[in-house]
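Worksheet: the structure to be examined is printed underneath.
Quick note: the coordinates plus some simple rules give every number you see, no bench work behind them. Please read all numbers here as calculations on a predicted model, not as lab measurements. Positions of Cβ are backbone-derived with ideal geometry, glycine not excepted, and every protein chain shown enters the neighbour counts.
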Amino acid sequence: MSRRRQRILFVAFLLAAVILIALDRSPVSRSWRPESDDVGKYHDKNFRVAKVVDGDTIDIDVPDGKYEHTRIRLWGIDTPEKNAFFGDRATSFTTELALGKEVTVYVDQDNHTRGKYGRLLAYVQLPDGRFLNEVLVSEGIAYADLRFGHSFYNKYRQLEASARSQQKGLWAQVSRQQLPDWLQRKRPKLLLK
């Protein structure tokens, strides 16, 4: 191999190494990587619920980076948005169960700990031992979120099927057009008569 070719390869290798190191330290790379310190900071730890944002999103009383509170998106479920059918009821239900309460947070250690908006994805255990995620699905307040795999995917599907068959919560009156778009796509025959 010629000296010139050796130099070109050396420079290319050096440049590739610099780029990889820069990407590793970049905030962009952190946005798509699971946050490994989330497990140590949040998993199996108790926090007070400081705010209920909506039916499936809460804030707990621990700082998260530049934010005063940590925002949690309840893993594996989806409640109607505030401006949608049953959205206000979902927010009220979560508020009644969780606001001001000391809860235990569990992250899914086999999955990402953060969603695309940087919220912590977690299962939240209420003081009475029940999991908020499960209660919301089993009472017909939330849909089992079929878009993303997680540790309780099949369990939440079964809880939703049971709530639907008993016409609990939103299932007593929801029409197909009121279902979230993602659910209409995932379950094209749901609520068709």
Checked against (1) within 22 Å of THR70 (Cα to Cα); (2) in contact with a Ser or Thr (Cβ under 7 Å, 6 or more places away or on another chain); (3) crowded, with 21+ Cβ neighbours inside 10 Å, ALA163 satisfies every condition except (1)
Take the residues of the stretch 130-156 that are outside any loop (DSSP other than H, G, I, E, B) and of a type in the set (Ser, Thr, Tyr): which is farthest from GLU81 (Cα to Cα)? TYR153
Within the stretch 131-147, work out how many residues are among the polar types (S, T, N, Q) and within 10 Å of GLY76 (Cα to Cα). 1
In the stretch 115-129, residue farthest from the chain's Cα centre (by Cα) [restricted to those that are surrounded by 13 or more Cβ atoms within 10 Å (Cβ to Cβ) and in a loop (DSSP other than H, G, I, E, B)]: LEU126
